[in-house]
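Remarks on the structure that follows.
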Amino acid sequence: MIDGIAMVETLLGLPGMRVLDVVDGDDEFVVTVETAAERAWCPSCGARAEAQDRSLRAVRDLSCFGRPVRLEVRRRRWRCRQQLCTAKTWTEDIDALDATAVLTRRAGAEACRQVGQHARPVAAVARDFGVCWWTVMNAVIEHGTPLVDDPHRVGPVDKLGVDETSYQAARPGRATRYVTGLADLDGRRMIDLVPGNSAADLRRWCSQADADWLAGIGVVATDLAESYRSGLSPHLDHASRVADPFHVVRAANRCVDQVRRRVQNEQLGHRGRKHDPLYRIRKLLIAGSERLVGDGTQRLLLGLRVGDPNNEILGAWLAKESVRDALDADTPAEAATLLDKTITGCANDPVGEIRALGKTLRRWRAEILAHHETAASNGPTEGLNLLVKEVKRCGRGFENFEHYRLRVLLRAGRPTWPQRPSPPILRTPRPHTHA
């Protein structure tokens, strides 16, 4: 590099471009470049073309030293002089620029990374680049769709997790809409999103999936939703179905809470208030017995003694602890014994909520016990749901499901992003002390 122009061309990094001028404006750098090609051939007849003039086009590029950059690109227009050729004139194509995009390809790829990998709002990225919302979203679709549709992104799956998340909140005239997420429990990645949470929605997705890929799935973990259990048939009948332990304990905790609220209303005639004995122990009731440290046990027993004269809440609490003991068993045989005792005890209890818990445990007995044989749970799926909610928060509401699915898979689907060079780390010099 013997002059400033050569240095600027090297920093620009666009082969085949010649820098003509750089202007430091008030809000941006304006770099004027032109194509350096001196010869061209007609794409129709193959004859050598003749240069006619140049056309000017403005595009956004990557920022430089914290300043937005606008490229003023002067492209050459060529003409074919052959009388019988139908091409006449054409403008040369540039690999770094799309035909109609306002962003360079590398700027579009960076915008896609910011929106997909880093879960930034599209509007914020558009403000950084100085373009409109749709320009950035089109770049996300162009560069992100091949990453999501890459057949090597997922690969074989042994353990599949199925769970639902809300997609659109309820509004007047429309109920809450849900989507079903399918996750690779071992790979910790979101495989796909399906609109809806019914059995037909899950069955439709399974029918469109590759049969050999489905045959490789050995375990499917779900919550206690009958729609998902029936939706897995007939395509995943060969897989072991596992009821997620978290949702099993959640059903037991819900039973305790329902009994507490009913007894509270029957005894005092109103909902729980901060000085009511049952309301004061509401969190102790759903906590594990081994987590009641200090005087927690005494406070729990005192609240039950004062506010539970018929021992209904105590029975629900014992049923909940029995469910937890069955899930914490060391062997499948021990778990089956403890779970059967819990189901029998719930079935013979006079409290309706406890009997309903027993019916739920009986319907899901095989799936609950399968957890001890496979050690599978929906924990990874719940972790991926946090990334899904992160996309929802930054989007501030979605109306287009395809956009929502693309952004979720770019964030939680672990696509193979293009590698960027990692610069050497600059370390701060160790401070010197002076005597």
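The values are calculated or read from the model by the stated rules, or taken from the named source; none is laboratory data. Given the structure is predicted, the values throughout are model-derived calculations rather than measurements. A quick note on method: Cβ atoms are made from the backbone with ideal geometry, for glycine too, and the neighbour counts reach across all protein chains shown. SASA here: full protein model, heavy atoms, side chains in, ligands and nucleic acids out. Shrake-Rupley method; radii C 1.70, N 1.55, O 1.52, S 1.80 Å.
Points to keep in mind about this one:
- When Thr91 is tested against (1) without any contact (Cβ under 8 Å) to a residue 40 or more places away in the chain; (2) open to solvent by 50 Å² or more (accessible area, probe 1.4 Å), only condition (2) is not met.
- Only one of the numbered conditions (1) among the hydrophobic types (A, V, I, L, M, F, W, C); (2) free of Cβ contacts under 8 Å to residues at least 60 places away in the same chain; (3) crowded, with 20+ Cβ neighbours inside 10 Å; (4) within 15 Å of Asn253 (Cα to Cα) is violated by Leu318, and that is (3).
- Counting only helices (runs of 4 or more DSSP H) that sit completely within the range 352-435, those holding 1 or more residues that are among the charged types (D, E, K, R) and touching a Ser or Thr at 6+ places or on another chain (Cβ under 9 Å) correspond to 365-374, 379-395.
- Among the residues of the range 237-275, those identified as free of Cβ contacts under 8 Å to residues at least 60 places away in the same chain, over 20 Å from Thr360 (Cα atoms) and open to solvent by less than 70 Å² (accessible area, probe 1.4 Å) are Val263, Gln264, Gly269, His270, Gly272.
- Pairs, first hydroxyl-bearing (Ser, Thr, Tyr) in the range 66-86, second open to solvent by 40 Å² or more (accessible area, probe 1.4 Å), C-beta under 8 Å, six or more apart: Thr86/Ser44
- Residue list for the range 400-435, filter: without any contact (Cβ under 8 Å) to a residue 40 or more places away in the chain and closer than 30 Å to Ser166 by Cβ: Asn400, Glu402
- Test: Ala6 is surrounded by fewer than 13 Cβ atoms within 10 Å (Cβ to Cβ), without any contact (Cβ under 8 Å) to a residue 60 or more places away in the chain and not acidic (Asp, Glu): yes
- Thr344 being closer than 26 Å to Thr360 by Cα and exposed (fewer than 14 other Cβ atoms within 10 Å of the Cβ): yes
- Selected residue (only one of Arg153, Arg174, Arg204, Arg188 is among the basic types (Lys, Arg), in contact with a helix residue (DSSP H, G or I) (Cβ under 8 Å, 6 or more places away or on another chain) and surrounded by fewer than 16 Cβ atoms within 10 Å (Cβ to Cβ)): Arg188
- Flag: Val136 matches the condition of being over 21 Å from Thr35 (Cβ atoms), touching a residue at least 24 places away in the same chain (Cβ under 8 Å) and β-branched (Val, Ile, Thr).
- Condition met for Thr104 (under 15 Å from Pro15 (Cα atoms) and modelled with pLDDT of 85 or more): yes
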